[in-house]
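In what follows, a single structure is set out as structure tokens and then discussed.
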Amino acid sequence: MKIIDLIAGARPNFMKIAPIIDAFKKARNSGSQLRYRLIHTGQHYDRNMSGSFFEQLGIPDPDINLEVGSGTQAEQTAGIMLGYERVLLAQKSDLCIVVGDVTSTMACAITAQKLHVPVAHVEGGIRSGDWTMPEEINRMATDAVTNWFFTTSEFANENLRNSGVSNERIFFVGNTMIDTLLKNLTRLKKPPVWDQVALKEKNYFVVTLHRPNNVDEEENLKHLLEAIIQGARELPVVFPVHPRTAKNLEKMGISQNGLYTTEPLSYLEFNYLVQKALAVITDSGGITEETTVMGVPCITLRDTTERSETVTIGTNELVGTNPDKLKPFLDRLFAGKWKKGALPPLWDGKAAKRIVDHLERLV
Ligand code: UD1
């Protein structure tokens, strides 16, 4: 029997691990010797950011919760490393799987490798080149100590090869976040805001903002929101507010006609809204992948992306963080001239199975 740690810590991790757990269960039923141990670091801890995802995606309760909670980058990193090291010293595993690019990803990868536990990185290899984002530091540090890379795109494969990783360590498997989306498309659930605002299909915008660059400065956030509302031409703008953003929004006391804020939504409710929106305006990375798969126009308020395929193949456009740049993109949207986009290779709902098939051989 081989024990494989599966690490999850923050909201965008949960949809990435759900299909991997399903694939492990299926393999076990067919006689596989691989056993997973689910470790929640507790980076995100409340119902809105964590609990509802476990419930809706049928993720079993974690075997271990490190309960690190909120803190600065260094506090969270240190807390997770201390907690996970204790776990490994008590019972060493045969492999540590980390997903995505959050603090938990990096902290556990380093801790495992220092105790000679090999590391596999799901969504390895992607790069924005923007060192001001904590996620980019997490990606680079994680990949520096990763043995096996399970990648989502040719861009990722190329980045890894360019940094000297040999082909035998790179496994292009597709996107487990998209496995989850495709599996749940028929289960999406209308959120209460739909009736409260009397939303109509393809007649409203969804906005999400949580990057420190966009939301930590009150003036920036205000400027961005004003530009979005003005650009929306009186269509409703629905804004599920991330806790980080909520703090500043409260201080600003912004209440504009047409802006409807909600708590962070559950997975099924959020994607219901996205699927039926005219367009999404966001600074998230994962959402640009989901809009690409659902064929929904996506406007990204960042200067760079680590997910280039959402722009070169999908429905995403990089607008930058200057709100004045929004207008030409919205003009194109309202003129009905947004690109149609297509599915990136291997985003077919089978990534997690490919990962577990590889692990049968590797571990
Ligand atoms: C983290 C990830 C980011 C991911 C985002 C999704 C890192 C470096 N960043 O950023 O990649 O896109 O999650 O949400 O790992 N909070 C709550 N409830 C919670 C969790 C957090 O209220 O369950 C509050 C915290 O107290 C903190 C703020 O939200 O004030 C930010 O949380 P934190 O985990 O530090 O980073 P995120 O900005 O969420």
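The values are calculated or read from the model by the stated rules, or taken from the named source; none is laboratory data. The shown structure was predicted, so the numbers you read here are calculated from the model rather than taken from an experiment. Reconstructed Cβ throughout: ideal geometry from the backbone, glycine too, with neighbour counts over all protein chains shown. These accessible areas exclude ligands, DNA and RNA; they are computed on the full protein's heavy atoms, side chains included. Shrake-Rupley method; radii C 1.70, N 1.55, O 1.52, S 1.80 Å.
What to note about this one:
- Residues considered: 353, 339. Of these, the only one that is more than 19 Å from the chain's Cα centre (by Cα) and either part of a helix (DSSP H, G or I) or in the same structural domain as residue 129 (by TED's automatic domain parsing) (or both) is 353.
- Residue satisfying all of: in the range 222-240; surrounded by fewer than 17 Cβ atoms within 10 Å (Cβ to Cβ) and without any contact (Cβ under 8 Å) to a residue 40 or more places away in the chain; farthest from residue 134 (Cα to Cα) among these: 234
- Hey, residue 150 in the same structural domain as residue 351 (by TED's automatic domain parsing), in contact with a Lys or Arg (Cβ under 9 Å, 6 or more places away or on another chain) and assigned to a strand (DSSP E or B) or not: yes
- Yes/no for residue 107 being in a helix (DSSP H, G or I), in contact with a Phe, Trp or Tyr (Cβ under 8 Å, 6 or more places away or on another chain) and modelled with pLDDT of 95 or more: yes
- Unmet criterion (only one of (1) outside any helix (DSSP H, G or I); (2) open to solvent by less than 60 Å² (accessible area, probe 1.4 Å); (3) touching a helix residue (DSSP H, G or I) at 6+ places or on another chain (Cβ under 8 Å); (4) not small (Gly, Ala, Ser)) for residue 330: (1)
- Of residues in the range 199-221 being surrounded by fewer than 16 Cβ atoms within 10 Å (Cβ to Cβ) and basic (Lys, Arg), the one nearest to the chain's Cα centre (by Cα): 202
- Filtered residues of the range 247-261 (kept if over 17 Å from residue 191 (Cβ atoms) and either open to solvent by less than 30 Å² (accessible area, probe 1.4 Å) or not assigned by TED's automatic domain parsing to the domain that holds residue 298 (or both)): 248, 249, 258
- Given (1) within 16 Å of the ligand (Cβ to nearest atom); (2) open to solvent by 20 Å² or more (accessible area, probe 1.4 Å), index of the condition residue 58 fails: (1)
- All conditions in (1) under 22 Å from residue 328 (Cβ atoms); (2) open to solvent by 50 Å² or more (accessible area, probe 1.4 Å) hold for residue 243, with the sole exception of (1).
- The one condition in (1) buried (at least 18 other Cβ atoms within 10 Å of the Cβ); (2) within 18 Å of residue 358 (Cβ to Cβ); (3) free of Cβ contacts under 8 Å to residues at least 60 places away in the same chain that residue 24 fails to fulfil: (3)
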